[in-house]
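The values are calculated or read from the model by the stated rules, or taken from the named source; none is laboratory data. Quick caveat: nothing in here was measured; it's all calculated off a predicted structure. Glycine also receives a Cβ, built like all others from the backbone with ideal geometry; neighbour counts cover every protein chain displayed. These area figures cover heavy atoms from the full protein model, side chains too; ligands, DNA and RNA do not enter into them. Shrake-Rupley method; radii C 1.70, N 1.55, O 1.52, S 1.80 Å.
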Amino acid sequence: VSVYKWEKAKPSDSLRAVVKTKRGDVQLFVPASFLQTNKHSPSKRVSNYIKNVLDEKLLPPNQNNKFHLELANDEEQLKKDLRDLEAKDPIRPKCINIGVVYANKGQTEERHYFENNSGSEAFDLFLELLGDKIPLKGWSKHRGDLDTQRDNTGTHSVFTEWEGFQIMYHVSTFLPFSDDDDQQVSRKRLIGNDVCVIIFQDGGSYYPPIVSKFLHVYAVISPITINGNQHY
């Protein structure tokens with residue numbers, strides 16, 4: 001179970017949770033008020049709430065077996081168990097979407113990030129590390145909700161395969177730009193529905209993450225030069 005809590009969350013807000021089960025991933029919301037202290041610890045309250053939701057969502061009517069959740073004490077073992085679950089489960093599709101957003105120096109708001117139609121040379125080199133730039137029209141492998149017939153979501157994207165997984169990157173600068181849309185909804189719609197996003201911070205300081213109901217993991221990358229060589 002992965003639960004994300006925004007640092008400035010109010011009691012009326014919700015936590016976002018992703019529960020990985022053998023029957024698939026379940027995304028749900030947990031009231032932030034459950035983190036308020038009372039006779040039960042916050043983790044216990046969240047655990048009980050998620051277990052009840054899973055019982056309702058995944059179990060057939062009148063089935064007596066209930067989901068059991070407990071806190072993981074061994075973080076390394078938990079990572080290994082998750083990797084094994086992803087690798088061995090024949091039912092789970094081995095396809096992943098990851099957002100990539102370019103943030104130029106001095107940009108402090110997400111709307112500025114989504115206004116960028118190109119990145120720096122360092123950003124282009126970073127994309128080459130992630131995967132191959134592929135044409136979308138006629139693409140036959142995992143498409144990551146991108147249009148592969150009429151180029152409605154751009155003409156190219158970045159794709160790679162790793163240990164049996166097909167990974168499609170939703171690159172903000174590759175997605176369609178609209179002069180009439182200050183929020184660039186077509187770009188944010190795809191990236192905001194990913195679970196993970198990479199923020200390429202090209203100089204300056206990183207500011208609060210992109211607001212989304214589904215994003216759980218924010219990886220912030222910045223380019224640095226050491227002895228004349230590019231690093232991240």
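If you go through the stretch 116-130, how many residues are crowded, with 18+ Cβ neighbours inside 10 Å and in a loop (DSSP other than H, G, I, E, B)?
Residues that pass the stated criteria total 2.
Taking Gln201, is it open to solvent by less than 10 Å² (accessible area, probe 1.4 Å), of a type in the set (S, T, N, Q), under 12 Å from Val100 (Cα atoms) and in contact with a Lys or Arg (Cβ under 9 Å, 6 or more places away or on another chain)?
For Gln201, the condition - open to solvent by less than 10 Å² (accessible area, probe 1.4 Å), of a type in the set (S, T, N, Q), under 12 Å from Val100 (Cα atoms) and in contact with a Lys or Arg (Cβ under 9 Å, 6 or more places away or on another chain) - is met.
When the residues of the stretch 159-175 are filtered to those that are in contact with a Lys or Arg (Cβ under 7 Å, 6 or more places away or on another chain) and farther than 15 Å from Lys133 by Cβ, which remaining residue is modelled with the highest pLDDT?
By that ranking, first place goes to Gln166.
With the structure loaded, tell me whether Thr173 is among the hydroxyl-bearing types (Ser, Thr, Tyr), open to solvent by less than 40 Å² (accessible area, probe 1.4 Å) and outside any helix (DSSP H, G or I) or whether it fails that test.
No; evaluated as a whole, the condition is false for this residue.
Pairs only if they're at least six apart or on different chains, beta carbon under 6 angstrom, first in the stretch 136-149 and under 16 Å from Ile98 (Cβ atoms) and open to solvent by 60 Å² or more (accessible area, probe 1.4 Å), second modelled with pLDDT of 95 or more and in a loop (DSSP other than H, G, I, E, B); list them, first residue then second.
Once the first residue is under 16 Å from Ile98 (Cβ atoms) and open to solvent by 60 Å² or more (accessible area, probe 1.4 Å) and sits in the stretch 136-149, no partner that is modelled with pLDDT of 95 or more and in a loop (DSSP other than H, G, I, E, B) comes close enough.
Checking the structure you have, find out if any residue of the stretch 184-198 is farther than 14 Å from Ile98 by Cβ, surrounded by fewer than 17 Cβ atoms within 10 Å (Cβ to Cβ) and touching a residue at least 40 places away in the same chain (Cβ under 8 Å).
The answer is no, given that none of the residues of the stretch 184-198 is farther than 14 Å from Ile98 by Cβ, surrounded by fewer than 17 Cβ atoms within 10 Å (Cβ to Cβ) and touching a residue at least 40 places away in the same chain (Cβ under 8 Å).
Would you call His156 over 20 Å from Gln107 (Cβ atoms), without any contact (Cβ under 8 Å) to a residue 24 or more places away in the chain and not aliphatic (A, V, I, L, M)?
Answer is yes for this residue.
When only residues in the stretch 189-224 that are in contact with a strand residue (DSSP E or B) (Cβ under 9 Å, 6 or more places away or on another chain), part of a loop (DSSP other than H, G, I, E, B) and hydroxyl-bearing (Ser, Thr, Tyr) count, which is modelled with the highest pLDDT?
Result: Ser222.
Does the stretch 123-144 contain at least one residue that is of a type in the set (S, T, N, Q), closer than 30 Å to Val26 by Cβ and in contact with a Lys or Arg (Cβ under 9 Å, 6 or more places away or on another chain)?
Residues of the stretch 123-144 of a type in the set (S, T, N, Q): 140.
Filter once more, so that each one left must be closer than 30 Å to Val26 by Cβ: 140.
Among the residues that remain, those that are also in contact with a Lys or Arg (Cβ under 9 Å, 6 or more places away or on another chain) are: none.
No, there is no match, as no residue in the stretch 123-144 is of a type in the set (S, T, N, Q), closer than 30 Å to Val26 by Cβ and in contact with a Lys or Arg (Cβ under 9 Å, 6 or more places away or on another chain).
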